[in-house]
Amino acid sequence: DHKHAIDRDCTTLSRHVLQQLQSFSADAQDLSALMNRIALAGKLIARRLTRSGLVEEALGFTGDTNVQGEAVKKMDLYANQVFISAFEQSGLVCRLASEEMEKPYYIPENCPIGRYTLLYDPIDGSSNLDININVGSIFAVRRQEGEDLDESASDLLQPGHNQIAAGYILYGPSTMLVYSIGHGVHAFTLDPNLGEFILSQENIRVPDHGPVYSVNEGNFWQWDESIREFTRYVHQHQGYTARYSGALVGDFHRILLQGGVFLYPGTARKPEGKLRLLYESAPLAYLIEQAGGRASTGIQDILEVMPDEIHQRTPLIIGSRENVALVESFVQRDT
Ligand code: AHM
Ligand code: MG
């Protein structure tokens, strides 16, 4: 009815954050403001993506390569800058670390009062940009420990358990923001008329088992024998189906909602796989655990991995508890 529809439309993201913390404490206000700024970044990126076929600056490469040696796209750069701009004059975030920046970026006017660090992958799945299919942004918030006066950011080298918020924005047929601040996982859909993220699914639980396995099987001969054995197993048993879009956020979103497993194992060329711990694997691991699922390297929980450096990579096996355990059983058989 009328009242119900109005109530639903009023459950905006910032209101939801406050509701969950049930307080007007400084922390609750901070987290609400943080999520609001992240949402703004998401809206700006979504706006540009919506028209990307028409705007010259939105497609193609810049001609530079990033720290990881990957060709930078114009959209990667734009999105990276949007997150920085969104946090200027916020007094919240002193530091941002992203896939596109070798070293963390400090916002001078927010330091040292900003008590939080934002870790993010501004555009994940960039190879999908030029063909107009799904991409995403991934983020995590950590409390800044100490003063970081020498700008070494060494306090960031902590396991994912230290995250206080994490989530992603999925730029698909609609734009969605999925987040957790340690009280379950919640999804919001951008209403383009309101320009607001409105609650669409609360307390998402990932099924204990799901049919989907999501992995780039083109790497088959690059994998360890244990992962080859796992894929042989799913080929030989009924009830599995393959889905892989080449963009982690979309592939993960499917698994969060419907169950199954996503994996990016190590390869002969990249023994740690491709995905980065601090701003790809750990935020999604935080979400999946909040939803009742699991994330593992094959031998260790992702949230327990102690990073050696900011851009560290890690093998990732993430999704439904039973599916993750099955992959682990193959990996651990060899050890
Ligand atoms: P990116 O952040 O440079 O876009 O790379 C990450 C992406 C993930 O979204 C996706 O899961 C993976 O790379 C796909 O890699 P591949 O093409 O090797 O299957
Ligand atoms: Mg990425």
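Per-residue ellipticity at 222 nm computed for the chain from its helices equals -9500 deg cm²/dmol, with DSSP H segments shorter than 4 residues left out and the rest contributing -39,500 (n - 2.57).
Computed from phi, the 3J(HN,Hα) profile of segment 222-229 under the Karplus parametrisation 6.51, -1.76, 1.60 (θ = phi - 60°) reads 8, 7, 5, 3, 4, 6, 4, 4 Hz, with x in place of Gly and Pro. Neighbour counts of other C-beta atoms within 10 Å: give me 35, 101 arranged from fewest to most. With the sparsest Cβ surroundings first, the list reads 101, 35. How large is ³J(HN,Hα), in whole Hz, for each residue of segment 190-204 in order, when computed from phi with the Karplus curve 6.51 cos²θ - 1.76 cosθ + 1.60 and θ = phi - 60°, using x for Gly and Pro? In residue order, the calculated couplings are 6, 8, x, 6, 7, x, 10, 7, 10, 4, 10, 8, 9, 6, 5 Hz. For segment 210-244 versus segment 74-133, the inter-centroid distance based on Cα atoms is 34 Å. Mind running the shape call on segment 1-153? Use the C-alpha gyration tensor, a ≥ b ≥ c as the square roots of the eigenvalues: rounded below 1.5 for a/c, prolate if a/b tops b/c, oblate otherwise. Oblate shape, in that a/c is at least 1.5 and b/c is the bigger or equal ratio. With unit charges on the beta carbon (Lys/Arg positive, Asp/Glu negative), name the residue among 79, 44, 54 whose Cα is farthest towards the positive pole of the charge dipole of the chain. Result: 54, furthest along the dipole toward the positive end. Amide H contacts of residue 210: 260, 323, each under 5 Å away and 5 or more positions distant or on a separate chain (H built 1.01 Å from N in the peptide plane; Pro and chain starts excluded). Close amide-amide hydrogen proximity is noted between residue 198 and 189, 190, 191, each under 5 Å apart and 5 or more residues distant or on a separate chain (H modeled in the peptide plane; Pro and chain starts excluded). Cβ-to-Cβ counts within 10 Å put 75, 306 in ascending order as 306, 75, the fewest first.
Indicate the gyration tensor shape class of the chain (rounded, prolate or oblate), computed on the Cα atoms with a ≥ b ≥ c the square roots of the eigenvalues: a/c under 1.5 is rounded; otherwise a/b larger than b/c is prolate and the rest oblate. Taking the square roots of the gyration eigenvalues as a ≥ b ≥ c, the chain is rounded. Across the options 126, 190, 116, the greatest Cα extent toward the positive end of the charge dipole of segment 97-221 (unit charges at beta carbon of Lys, Arg, Asp, Glu) belongs to 190. By the Cβ-Cβ criterion of under 4.7 Å, the unpaired cysteines of the chain are 10. About its Cα centre, the dipole of the chain is roughly 840 debye, where the only charges are +1 on Lys and Arg Cβ and -1 on Asp and Glu Cβ. Tilt of helix 26-50 relative to the longest C-alpha principal axis of the chain, in degrees (0 to 90, nearest 10)? The answer is roughly 70 degrees.
For residue 73, nonlocal amide neighbours, meaning residues 5 or more places apart or on other chains whose placed amide H falls under 5 Å from its own, are 62. Restricting attention to the chain, close to 80% of DSSP beta bridges with both partner residues there are antiparallel. Under the classification rounded if a/c is under 1.5, otherwise prolate if a/b is larger than b/c and oblate if not, where does segment 173-307 fall, given a ≥ b ≥ c as square roots of the Cα gyration tensor eigenvalues? It is prolate, given that a/c is not under 1.5 and a/b is the larger ratio. About its Cα centre, the dipole of segment 144-291 is roughly 880 debye, where the only charges are +1 on Lys and Arg Cβ and -1 on Asp and Glu Cβ.
Here segment 205-279 is treated with +1 on each Lys and Arg Cβ and -1 on each Asp and Glu Cβ, and its dipole about the Cα centre works out to around 220 debye. Ranked by how many other Cβ atoms sit within 10 Å of their own Cβ, fewest first, the residues 227, 164 fall in the order 164, 227. Filter 43/73; 73/270; 103/270; 74/270; 74/103 down to the pairs with a C-alpha to C-alpha distance above 24 Å, please. With Cα atoms farther than 24 Å apart: 74/270.
Where a number appears in this text, it was derived from the coordinates with a stated rule and is not lab data. Just so you know, these numbers come straight off a predicted model, no measurement behind them. Here the Cβ is made from the backbone with ideal geometry for all residues, glycine too, and neighbour counts use every protein chain on show.
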